[in-house]
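Asks: This structure is in structure tokens; I'll ask about it shortly.
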Amino acid sequence: MQVPCIRPRPRRPRPDGTGPPGGRIPRRRLAALACVTALTFTVSTSAGTGRLSPGTNTAGAGPIALSHTAEHGPCMIRGAREVQMSEGIPTSTGYTRSTGTVRALTLMVDFSDAPGQGDAQDRYHEFFPQTREWFRTSSYGRLDYRPETPIPGWLRMPKSFREYGIERGAPFDPGYRAMVQDLVAAADPKVDFRAYDLLNVLVSPNAGPSALDTVLSVTFAGNPEAPTADGLPVANASFVYSRQDDGSGSYDRTGYRVLPHENGHVFGLPDLYTAEGGGAVGHWDIMSEDWGANNDFLGWHKWKLGWLDAAQVHCAASSGTTEYTLTPLALAGGSKLVFVPLDGRTGYAVELRTRGGNDEAVCRPGVLIYKVDAEVDTGMGPVTVQDARRDSGGCTRAPNVHAELSDAPFTPGESFRDTARGITIEVAGVGAGTGAAGAGVEAGYRVRVTRE
Ligand SMILES: [Zn+2]
């Protein structure tokens with residue numbers, strides 16, 4: 001199926017210091033509406049291979065490789081009805097494969113009314129090598145993301161930017177279809193599109209409004225109806241506009257993060273921000289907030305993307321009490337995720353989040369608990385973090401990070417209860433209990449799950 005997903009505009013403090021506490025201005029209603037109104041495409045039943053287009057048969061290509069055993073069955077939640085980009089496991093086919101070597105065709109595109117200024121390679125280097133490194137770190141080395149620029153300079157489009165009629169929330173037809181057709185025609189003499197798994201279009205930053213006014217960046221994923229290139233549809237493509245400067249002064253370090261977010265969609269992940277902004281997931285996943293301090297994916301997404309082994313994911317489906325030792329999500333190896341299924345479509349995910357790897361803004365390490373619903377659409381809140389400290393204001397000092405949920409993790413001695421469902425998730429202590437690694441966070445947290 002085809003999902004255009006609009007990322008929200010960054011929030012920035014108002015220079016005059018007015019506005020909500022902390023200068024954070026959630027302004028995402030437009031984003032969510034744009035996402036919803038654009039979802040008018042037919043559902044595709046074609047089985048994609050994960051290449052740019054369904055149908056190719058390159059070695060190593062294929063659906064997202066989920067690692068699981070029969071014991072994970074009750075945790076492989078699915079929506080009863082078809083949703084655009086479900087959190088269900090496994091991910092639908094048609095998206096880009098998220099393990100192994102993935103080749104990202106990256107084109108820098110400009111227009112007569114928005115000519116590329118300076119070297120197109122400078123535009124490229126706003127996103128690379130950081131995006132490649134971000135995926136390497138998040139995937140524990142399982143995703144070897146290779147950006148390639150067979151056309152190193154600006155690729156001039158035949159029409160002006162204005163003529164394509166691209167606005168925030170613009171659907172694929174007609175503007176993007178025309179743009180893809182034109183860029184394929186322009187690049188085709190030098191590019192074999194069949195060699196790539198996804199397409200990144202880095203538009204000249206002066207095309208369209210500033211990211212501080214509106215964010216145009218968008219991804220069309222799993223779209224078999226897209227124009228063809230070298231005989232195959234350009235099914236998974238991310239378009240990045242303007243400079244995603246959130247005004248916090250961290251652009252040089254963090255401005256690239258719009259691209260891992262957009263590419264998250266080509267791998268089949270939904271938007272986790274909602275009309276209310278980052279209130280559902282905060283800064284705990286790049287599909288929720290992709291600006292400001294670096295942040296990782298949720299463990300649920302890592303399992304979904306094929307970055308966790310079956311042995312690293314525990315399905316807490318049976319009644320009684322079971323204890324698990326979770327190691328920090330940012331570190332390779334060990335148990336990463338416990339999932340407590342509620343029914344065939346929902347459940348609680350449990351993971352240990354600490355400062356490390358891509359998680360640079362964690363101010364209160366601990367056990368993050370969140371509800372996953374496979375039947376909720378992208379941008380409508382498919383994931384909800386359970387806040388261990390409601391209305392605390394949070395612990396982060398990082399600019400443009402949703403503050404309230406920054407201290408959401410549960411710490412030793414604390415418990416989460418769903419009394420209606422008879423479920424208790426208790427953080428029993430720090431350390432694996434083996435005595436070898438001491439009491440450091442690296443040794444893990446012991447988590448006890450009780451199902452009545
Ligand atoms: Zn998005």
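Nothing in this text is a laboratory measurement; each read-out follows from the coordinates by a stated rule. Since this is a predicted model, take the numbers as computed values, not measurements. With ideal geometry, Cβ positions are generated from the backbone for all residues, glycine too; neighbour counts draw on all protein chains shown.
Asks: If you keep only loop residues by DSSP, which trypsin sites (Lys or Arg not before Pro) in region 231-314 have at most 16 other Cβ atoms within 10 Å of their Cβ?
Replies: Arg243
Asks: Only Lys, Arg, Asp and Glu count, each charged at its Cβ (+1, +1, -1, -1), so figure out the dipole size of region 153-304 about its Cα centre, rounded to 20 debye.
Replies: 280 debye
Asks: A further question on this structure: For Ala332, project a label point 7 Å along Cα to C-beta. Then give me every residue of region 132-150 with its amide nitrogen under 13 Å of that point.
Replies: What the label zone holds, given the 13 Å backbone N cut-off, is 136-144.
Asks: Compute the distance from the alpha-carbon center of region 327-351 to that of region 253-308, in whole Å.
Replies: Here the answer is 17 Å between Cα centres.
Asks: Okay, next question. If amide hydrogens are placed 1.01 Å from N in the peptide plane, which non-local residues have theirs closer than 5 Å to the one on Ala207?
Replies: Under 5 Å from the amide H of Ala207 lie the amide H atoms of Ser242, each far enough along the sequence or on another chain.
Asks: Of Ile151, Phe172, Ser210, which is farthest on the positive side of the dipole of region 136-219, counting Cα position, with +1 on Lys and Arg Cβ, -1 on Asp and Glu Cβ, and the Cα centre as origin?
Replies: Of Ile151, Phe172, Ser210, it is Ile151.
Asks: Please report the net charge: other residues with Cβ closer than 13 Å to the Cβ of Leu329, K and R +1, D and E -1.
Replies: -1
Asks: For region 308-451, with only Lys/Arg (+1) and Asp/Glu (-1) charged at the beta-carbon, what is the dipole magnitude about the Cα centre, in debye rounded to 20?
Replies: 280 debye
Asks: How about region 142-203: which trypsin sites (Lys or Arg not before Pro) there are in a DSSP loop, with at most 11 other Cβ atoms within 10 Å of their Cβ?
Replies: Lys190
Asks: Still on this structure, please answer the following. Can you give the FRET efficiency for Arg390 and Asp119, using 1/(1 + (r/R0)^6), R0 = 45 Å, r = Cβ-Cβ distance, to the nearest 0.05? Please list the in-between numbers first.
Replies: Working: r = 49 Å, r/R0 = 1.10.
It comes to 0.35.
Asks: Let me check I've understood the local charge: for Tyr176, count other residues with C-beta under 12 angstrom from its C-beta, Lys and Arg +1, Asp and Glu -1. What total comes out?
Replies: Its environment carries a net charge of -3.
Asks: Taking +1 at the Cβ of each Lys and Arg and -1 at the Cβ of each Asp and Glu, which of Val340, Trp307, Thr325 sits farthest along the dipole of region 297-356 towards its positive end, judged by Cα position relative to the Cα centre?
Replies: In region 297-356, that residue is Trp307.
Asks: Between beta-carbons, use under 10 Å as the cut-off and find the net charge around Met85, counting Lys and Arg +1, Asp and Glu -1.
Replies: Cβ neighbours under 10 Å give a net charge of -3.
Asks: If you place +1 on the Cβ of every Lys and Arg, -1 on the Cβ of every Asp and Glu, and leave all else neutral, what size is the dipole of region 64-121 about its Cα centre, to the nearest 20 Debye?
Replies: 320 debye
Asks: Now for a different question. If R0 is 60 Å, what FRET efficiency do you get for Glu163 and Ala65 from their C-beta distance, rounded to 0.05?
Replies: 0.90
Asks: Between rounded, prolate and oblate, where does region 308-451 land on the alpha carbon gyration tensor, with a ≥ b ≥ c its root eigenvalues, rounded for a/c under 1.5, else prolate if a/b exceeds b/c?
Replies: rounded
Asks: Under the 0.36 nm per residue contour assumption, what length would be gained going from the current alpha-carbon distance of Glu442 and Arg177 to full extension?
Replies: Going from the current span to full extension adds 90.5 nm.
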